[in-house]
1. Given H placed on each backbone N at 1.01 Å, which residues far from A:ARG137 in sequence or on other chains put an amide H within less than 5 Å of it?
2. Which is farthest toward the positive dipole end of chain A among A:VAL69, A:MET208, A:MET121, measuring Cα position about the Cα centre, with Cβ charges +1 (Lys, Arg) and -1 (Asp, Glu)?
3. Taking the Cα centre of the range B:1-74 as the origin, how large is its charge dipole in debye, to the nearest 20, when only Lys and Arg (+1) and Asp and Glu (-1) carry charge on their Cβ atoms?
4. Quick check for me: using +1 on Lys/Arg Cβ and -1 on Asp/Glu Cβ, what's the dipole size of chain A about its Cα centre, in debye to the nearest 20?
5. Just order A:141-148, A:116-123, B:183-190 by mean Cβ neighbour count inside 10 Å, highest at the front, would you?
6. Taking 7 Å along the Cα-to-C-beta vector as the label spot, tell me the B:LEU33-A:LYS194 distance in nanometres, rounded to one decimal.
7. Whole-Hz ³J(HN,Hα) for each residue in the range A:156-169, computed from phi via Karplus 6.51 cos²θ - 1.76 cosθ + 1.60 with θ = phi - 60°, x for glycine and proline: what do you get?
8. Working with all protein chains in place, sort B:GLU94, B:GLU4 by solvent-accessible area computed with a 1.4 Å probe, largest first.
Amino acid sequence: MEAPPVTMMPVTGGTINMMEYLLQGSVLDHSLESLIHRLRGLCDNMEPETFVDHEMVFLLKGQQASPFVLRARRSLDRTGAPWHLRYLGQPEMGDKNRHALVRNCVDIATSENLTDFLMEMGFRMDHEFVARGHLFRKGIMKIVVYKVFRILVPGNTENTEALSLSYLVELSVVAPAGQDVVSDDMRNFAEQLKPLVHLEKIDPKRLM
Amino acid sequence: MQREEKQLEASLDALLSQVADLKNSLGSFIYKLENEYDRLTWPSVLDSFALLSGQLNTLNKVLKHEKTPLFRNQVIIPLVLSPDRDEDLMRQTEGRVPVFSHEVVPDHLRTKPDPEVEEQEKQLTTDAARIGADAAQKQIQSLNKMCSNLLEKINKEERESESGGLRPNKQTFNPADTNALVAAVAFGKGLSNWRPSGSSGPSQPGQPGAGTVLAGASGLQQVQMAGAPSQQQPMLSGVQMAQAGQPGKMPSGIKTNIKSASMHPYQRNT
C-alpha cells in the first residue's frame, strides 16, 4: 500500500508558534451604529457579517494550582459550521513598548462531539456565554464587535440576558511569534477609532 | 534592473488602487453633501472625514514603503499628442479624458505648481527670509503660547460644562463596562453568578436551599467527576441529565421542565 498523502500525515514537531495580539475596548449601545458605520468605511470592503456564537470554557483541574483552560465555540446561526477549539496562553508581559496584549494561541476546528470528548478527557465546563455581533476584517486584523449574553439556564442558549449595556470591541491578529510590528499597525488602526472607542491592552489578571 | 521594474509596477498598482478608493469615497462624500444636506448629521460627516483621513494615511504609507522606488526619479514624457478621440484612454480614465491633446497634457502631467502659485510661494519665502532668524523664533514662540492658551481655555470650558452634565451624549463608551466585559470573556466573571471562584464551588451543592437550586445544579456539574448523575435530588434530575450530556445541545423540551425552577428572584441580582 502506498503512503498516505502528506496532508493526511499527522503534524509532528516544528509547529509554528502562533501568537494572538489583542486590543479591547467597549462601546455603549447607543453609539454602536456610528461605530459600525466607521468600521464599514475603514475595513475591507465586504458584506457586513453578523454572527451568533455560543462559547463554552472548559477547565481541567490537575495537580497544579492553575487549571488548563480550553475554549470551545460553535455557531448558532450557521448550520454546518465546524466547532472551534482554542487554547490561549498567559499574556506575555514585560515589553512595555508593545502596544497589544500578546498570548500564545492554538486554534483548531473540530467536529460536533467536542463537548463529549472534553468531558471524557476530564474537562468540566466552567462558564459559557452567547456572543452576538458583527465581524470586520482589515488585512490580517480582525475586528469583532459583540454583545455578551449570560446564559441563564446552563445549556439553553435561547434563554439569555445581556451582561451589560455595552458591546465589547476586540481587535485581534493571529500571527507567528516575533512579529511585533503587527502591534504598531494595530495601534494605528485603534487611533482611527478614537474617540468612539478606546482600544487598549487590558490585562485580565488585573480584573480578577 | 528587472527587479526595479517589477517593484515600480507593483507600487504603481498599489498606488492606483489606493487612489481609486480615495476617489470613490470622495465621490460618495460629495454626493452625500449635495443630495442629503438637509438630513446630514455631524457624526455622519465625521465618519466620511475619518474615512478620507484613513485612506490618505494608507496612501502615505504605501508611498513611504521601503519597497516603493523613488517616483521622483521617474519622468513622464508625452510621445504623441493628437486632437483625436482615443478610445483606450477613455476606457482607462472612465470617460473623463477623451483626448490626449495639448490642452490636457499640461494639467495632467504637471510637476510644478501654477505660475501664479509659484509666484506667491516665492514671495512668501523671500518675506520669511527677510525677517531674520531671531524675529522668526520669537514669532514661533508667541504662536505656540497662544495655541496652548487657547487649548487650556477650551479644556477648562469642557470640564466645567461636563460637570454640569451638559453633554451626556459625549460618552460613547463606559470604562467600567469595558472592564466588566473583558473580565467576563477572559474568566467568566459575572457569567456563572452562582459560582464563586474555584474552590468554594463544591461547598454549594450541599445546601438544598431554594436560592441555590440552580447554583447546586451547575456546581455539581463542575465538581462531579466520578459521581453518577442519579445521585442528584429528584427535582433536578431533568436538568442534571441534560447537563451531564452535552451542555451545548439541550433539547427544547428541557426548557419547559425547569422553567419553574429557573425563574427564581435570587439569582439575577448582579
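1. A:ASP44, A:ILE143
2. Working it through, the farthest residue towards the positive pole turns out to be A:MET208.
3. On the way: 9 positive and 10 negative charges, 54 e Å.
Roughly 260 debye, rounded to the nearest 20.
4. Working: 23 positive and 27 negative charges, 99 e Å.
For chain A, the charge dipole is close to 480 debye.
5. On the way: A:141-148: 21.0, A:116-123: 14.4, B:183-190: 19.5.
So the peptides A:141-148, A:116-123, B:183-190, ranked by packing, come out A:141-148, B:183-190, A:116-123.
6. About 2.7 nm, to one decimal.
7. After applying 6.51 cos²θ - 1.76 cosθ + 1.60, I find 9, 7, 7, 8, 10, 9, 5, 7, 7, 8, 10, 9, 8, 10 Hz.
8. Details: B:GLU94 125, B:GLU4 105 Å².
Reading off the accessible areas and sorting them downward yields B:GLU94, B:GLU4.
The values are calculated or read from the model by the stated rules, or taken from the named source; none is laboratory data. Every value quoted in this text rests on a predicted model; they were computed, and no experiment measured them. Please note: Cβ atoms are built from the backbone with ideal geometry, for glycine as well, and neighbour counts cover all protein chains shown. For accessibility, only protein heavy atoms count, side chains too; no ligands or nucleic acids. Shrake-Rupley method; radii C 1.70, N 1.55, O 1.52, S 1.80 Å.
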